[in-house]
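First up is the structure itself, then whatever we jot down about it.
Please treat every number below as a calculation from the coordinates, not as lab data. None of these values were measured; they are calculated from a predicted model. Quick reminder, even Gly has a Cβ in these numbers, built from the backbone with ideal geometry, and neighbours come from all protein chains shown.
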Amino acid sequence: MDVARNEEELMHRRKHLIRSSWGAVQLGLDVQATKVFYDHLIEQYPTVRPLFKDDMTMQYKKLYYAVSLAVDCLDKLDELVPVLQNLGRAHAGFGTVRAHYGAAAECFIWTLKTYILAEMPGPDMTNWLVEVAEAWEWALTLIGSVMADAGDEAIEERRQRTLVQQETSTKQFELS
Ligand code: HEM
């Protein structure tokens, strides 16, 4: 019983930390936040740059609104999961692999911490940020695993379809 209550309190606290930290970003950096994130991601992991278009202006907005949607849906995971699965399937087509999600989570948390520390300095911030980072780590791990699982399934389905098509054309060739 206590374990369940502790778990419920932890989830409640995590959601609160995610909403309040993202709220601070929305009021301040706004869409610039995702530009700062992508600049850092590309600096740390330059091999991901070719996956994106030369002009990433639209991408900053798309990620910003996707994150805002996820934050809004923290209490509606049954609605969020199918959206993430679709996004994950599309990402498999963009060339995104499972390891990219971990890299993105790390750079996203770096963006939040760097911005919040710069804008809201204070002795209490360090402890708060440790909690904020843990909460986002939880959310981004969940998001990344739902997207990567759906991406892997899409790749496997495509592989199976190609195999069936190859077998069918081999049979047609043998019969002709
Ligand atoms: C938190 C996880 C992520 C979310 C919520 C997310 C969100 C999005 C959204 C909303 C789009 C636009 C899709 C569309 O236009 O239909 C997009 C596109 C894209 N994302 Fe992500 N993304 C995530 C993680 C990643 C990761 C880890 C990578 C790889 C490093 C990545 C690479 C891409 C690429 C290559 C595109 C297409 C860009 C283009 O059209 O130029 N995404 N993402």
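For the range 2-175, how many pairs of lysine residues have a Cα-Cα distance under 18 Å, where the two are 8 or more positions apart or belong to different chains? Taking the range 2-175 as the scope, the lysine pair count is 8. When the alpha carbon gyration tensor of the range 1-57 is reduced to an equivalent ellipsoid, the three semi-axes, largest first, read 35, 16, 8 Å. For the chain, the relative contact order works out to 33 percent when only alpha carbon pairs closer than 8 Å and six or more residues apart are counted. Mean-square fluctuations from a GNM of the chain, with a 10 angstrom spring cutoff on Cα atoms, peak among 17, 69, 27 at 27.
In this Cβ point-charge picture (+1 for Lys and Arg, -1 for Asp and Glu), the range 110-176 has a dipole of about 340 debye about its Cα centre. Computed over all pairs of different Cα atoms, the Kirkwood value for the hydrodynamic radius of the chain is 18.2 Å. Take the Cα of residue 157, go 7 Å toward its beta carbon, and the backbone nitrogen atoms of the range 63-90 under 14 Å from that spot belong to 82-90.
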